[in-house]
1. Return the carbon/sulfur percentage of the accessible area of region 67-136, one whole number, probe 1.4 Å, all protein chains in place.
2. At 0.36 nm per residue, and after removing the present C-alpha to C-alpha distance, how many nm does the segment from Phe131 to Glu62 gain when stretched out fully?
3. Can you put Thr6, Thr43 in order of accessible area, largest first, using a 1.4 Å probe?
4. Work out how much length Glu109 to Ala88 would gain on full extension: take 0.36 nm times their residue separation and subtract the Cα-Cα distance, in nm to one decimal.
5. What do you reckon, how do Asp81, Asp94 stack up by accessible area (1.4 Å probe), largest on top?
6. Quick one: Cα centre-to-centre distance for region 50-105 and region 5-49, in angstrom?
7. Per residue of the chain, what 222 nm ellipticity follows from adding -39500 (n - 2.57) for every DSSP H run with n ≥ 4, rounded to the nearest 500?
8. Stretch Ala99-His54 to full length: gain in nm at 0.36 nm per residue minus the Cα-Cα span?
Amino acid sequence: MAGRMTLGIVKPDAVGAGKLGQVLAHIEGQGFTVREARLVRLTRQEAEAFYEVHRGRPFYEELVSFMTSGPCFPMALEAPDAVAAFRAAIGSTDPAEAAEGTVRRLYAESKGRNAVHGSDSDENAEKEIAFFFAER
Ligand code: IDP
Ligand code: MG
């Protein structure tokens, strides 16, 4: 059965552009309930750990540098079939390929600076929620 929780992050490009409120309103408007959230400035070590699966990819260094460039806003989000529903709501990685009305189509600058993260499986959603909120 698909899980009810996923981990979203409003990334530093959107927070820095003053779009956090708009992005959050869009996400809530799509039927997601915020269960946990906080503004956080990731250290290099934290960003490297969060994106460990991408280590060695050509964009890894750019990604870690971007994710540590300013505060981001991780959110534990609840909805039916949360992982798939949130991936649909944010759209393709590259905003040029993202469907109309998706967060990335509306707010992303580029494939790298793409406004938002969403977990890609129930297993990763659980790990990623624990990464940010386990100690609370
Ligand atoms: P996803 O966020 O849609 O799941 P992934 O392939 O998991 O996409 O990549 C993780 C993140 O790495 C992307 O959201 C984006 O910020 C960055 N990224 C992925 N591919 C590229 C690229 O080709 N150039 C620059 N950054 C990239
Ligand atoms: Mg991914």
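The values are calculated or read from the model by the stated rules, or taken from the named source; none is laboratory data. All values reported here derive from a predicted model rather than from experimental measurement. Side chains included, ligands, DNA and RNA excluded: accessible areas come from the protein's heavy atoms. Shrake-Rupley method; radii C 1.70, N 1.55, O 1.52, S 1.80 Å.
1. 47
2. Answer, rounded to one decimal: 22.7 nm.
3. So, going from the largest accessible area down, we get Thr43, Thr6.
4. 5.7 nm
5. Asp81, Asp94
6. Using only Cα atoms to place each centre, the spacing works out to 10 Å.
7. Here the helix-only value at 222 nm equals -11000 deg cm²/dmol.
8. 13.8 nm
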